[in-house]
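A short write-up of the structure that comes next.
The values are calculated or read from the model by the stated rules, or taken from the named source; none is laboratory data. Computed from a predicted structure; not experimentally measured. Positions of Cβ are backbone-derived with ideal geometry, glycine not excepted, and every protein chain shown enters the neighbour counts. Side chains included, ligands, DNA and RNA excluded: accessible areas come from the protein's heavy atoms. Shrake-Rupley method; radii C 1.70, N 1.55, O 1.52, S 1.80 Å.
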Amino acid sequence: MGWTDEQKSAIEKSGSNILVAAAAGSGKTAVLVERIIQKIINQGIDIDKLLVVTFTNAAAVEMRERILDALYKKIDENPDDENLKRQIILLPRANICTIHAFCLEVIKNNFFEIDLSSNFRIAAEEEIELLKQEVLDDLFENYYEEEDKDFIQLIDTYAGYKGDENLKDIVLKIYNFIQSSPYPRKWLHEKVELFNENNNHETDFGKTIWGEIILNEFSDRIQDGINNLKIIYNKLIRFDELEKAINIIKNDIECLEDLKQKTKISWDATFESAYSFELVRWSDDKKISSDLKEEAKKVRSAIKEKINKTVNDIMLYNSEEAFKDIFLMYDILVKLEKVINEFESEFLKRKKEKNIIDFGDIEHYALKILVQEKDGEFVPTEVAKRYQNKFVEIAIDEYQDSNRVQEEILTKVSKGNNIYMVGDVKQSIYKFRQACPDLFLEKYDKYSLERK
Ligand SMILES: Nc1ncnc2c1ncn2[C@@H]1O[C@H](COP(=O)(O)OP(=O)(O)OP(=O)(O)O)[C@@H](O)[C@H]1O
Ligand SMILES: [Mg+2]
């Protein structure tokens, strides 16, 4: 096959992590397969020293077939090459698999590291959902019996007409959500701590991250209004006889500019202006009738309504009240975090008693085997280091389908400069930027492929 120059460099380049981001059908998988073959032929690397992961079983099977085909093709060209023939023998035990299968291998070879019995089974989703509910019911029952004060406060806050179902729902939803993070507890704790504004108490609420978000949102909505007014203004000024309307719209724009300016000053300045905000009454020359005039009237009253609605939606309190609200919220969230963590511990315990693991556990257990916390950092374990030494390269096809837990797993079995990621151009780069913005183009080389 005649490779393009870009494909060639994506096949040959080494020494850093590489992201190959290219369009569908541009030859991404073909490049990945060729790269593997080249490693075998040119660098004498055995196929079982590579970790090649995909995200579906079908893709894993196809990958294996494509590598096997490529090997046979090379053997046809060099029938006496013993090294190539040996790869055919090694292939069945090579790590060309889904990331799930790799995680299961990590667990099965190291189950003793995580206090799991070797004959665990993966439970069906329905069984897991039932168990979750059971654990949650028992946990709540326990809190009621102990008259746990924190818990009662949570119930007071979240219980609705369905009794405590609301709170149960919240606990489950958050528990499920945080499983997509490599370190769920740490993640949750960090997010809860974002509400810990005790140290900022003396400052204006606009200086907190929440105040800033709200002020920016308010400012954006005001700017939308200004933009709409400017459009109608530019239409009006072509008609001298509409002078009255022109002046009113001009005045409206100034008022909104003024209000927007307040969001740059402080929360309380914005709050006060927002509440006393008003646009002058519409008055015009009744003798002149014009569609444009009617349009202007409509535009400004829509804006007036939108600003008022925004004030009622997001500018509810002055700075002091807003702080009080955040303190209260933080207090509640700390308690909620505690319940979620207790649920997690209890759920895990029950699964261990039953000798089952759920689908999400596969990745989290693998990560537990590969990572340990040291001085607040998550560093590779001895097991992870063994994998680091084993794998010359870690290749990932369809990188855009990976989640953060999987990414962390692959990162931890890598030496730091030998991950080869291949994915769809738009989704991969977007995801990549999100995952490690500081690494982008620094530790990574990026290629895009273009078929001529
Ligand atoms: N330089 C090339 N010259 C000729 N054919 C090529 C070249 N590069 C790739 N192809 C062919 O293009 C087809 C698509 O390639 P491939 O499956 O590797 O693309 P892909 O980017 O992985 O696609 P997908 O987005 O579906 O994963 C294959 O048949 C492959 O052999
Ligand atoms: Mg492909």
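Key figures for this structure:
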| quantity | calculated |
| --- | --- |
| Sulfur and carbon atoms: percent of accessible area, region 277-349 [1.4 Å] | 52 |
| Whichever aspartates and glutamates have a C-alpha closer than 13 Å to that of Lys304, once near sequence neighbours (fewer than 8 apart) are set aside | Asp224, Asp252, Glu278 |
| Degrees between helix 149-158 axis and first principal axis of the chain (Cα, 0 to 90, nearest 10) | 60 |
| Antiparallel bridge percentage (DSSP; both residues within the chain; nearest 5) | 20 |
| Accessible area of region 14-150 belonging to carbon and sulfur atoms, whole % at 1.4 Å probe | 49 |
| Per residue, in Å², the accessible surface of the chain once ligands and nucleic acids are set aside, probe 1.4 Å | 54 |
| Of Lys235/Lys298; Lys186/Lys431; Lys191/Lys264; Lys108/Lys368; Lys13/Lys39, those spanning more than 20 Å from alpha-carbon to alpha-carbon | Lys186/Lys431; Lys191/Lys264 |
| Additional length obtainable on full extension of the chain from Glu193 to Lys390, 0.36 nm per residue less Cα span | 67.0 nm |
| Extension gain, Arg86 back to Glu377 (0.36 nm per residue minus Cα-Cα distance, nm) | 100.6 nm |
| Spin-label model distance (nm) - Gln43 vs Glu353, 7 Å beyond Cα toward Cβ | 5.0 |
| 0 to 90° range, to nearest 10: angle between helix 291-314 axis and the chain longest Cα axis | 60 |
| Gain upon complete extension [Arg238, Asn119; 0.36 nm per residue less C-alpha separation] | 34.6 nm |
| Under 11 Å from the Ser301 label point (7 Å along Cα→beta-carbon), backbone N, region 247-289 | 282 |
| Inter-probe distance in nm under a simple model that places probes 7 Å from Cα toward Cβ, at Asp150 and Ala23 | 5.5 |
| Of the chymotrypsin sites (Phe, Trp or Tyr not before Pro) in region 161-239, those whose Cβ has at most 10 other Cβ within 10 Å and which sit in DSSP loop | Tyr161 |
| Excluding exposed DSSP-loop GluC sites (Glu not before Pro) (at most 16 other C-beta within 10 Å), longest clean stretch of the chain | 279-441 |
| Sites matching trypsin sites (Lys or Arg not before Pro) across region 146-185 that sit in DSSP coil, with at most 11 neighbouring C-beta atoms within 10 Å | Lys162 |
| Length-normalised contact order for region 205-316 - Cα pairs under 8 Å, 6+ apart - percent | 36 |
| Selection from Gln179, Asn312, Trp282 lying farthest towards where the dipole of the chain points positive, charges on Cβ | Trp282 |
| Theoretical FRET efficiency, 1/(1+(r/R0)^6), r = Cβ-Cβ of Asn78 and Glu126, R0 60 Å, to 0.05 | 0.65 |
| Relative contact order computed over region 301-452 (Cα-Cα under 8 Å; 6+ residues apart), in percent | 16 |
| Per DSSP, loop trypsin sites (Lys or Arg not before Pro) in region 193-278 with at most 15 further Cβ within 10 Å | Arg238 |
| Normalised contact order of the chain, rounded percent, pairs of Cα under 8 Å and 6 or more residues apart | 33 |
| Between region 333-386 and region 253-292, the Cα center-to-center distance that results, in Å | 54 |
| Positive-end residue of Ser14, Thr270, Gly360, charge dipole of the chain with Cβ unit charges | Ser14 |
| Whether the chain is rounded, prolate or oblate, judged on the alpha carbon gyration tensor where a/c under 1.5 counts as rounded | oblate |
| Between region 152-220 and region 407-433, the Cα center-to-center distance that results, in Å | 30 |
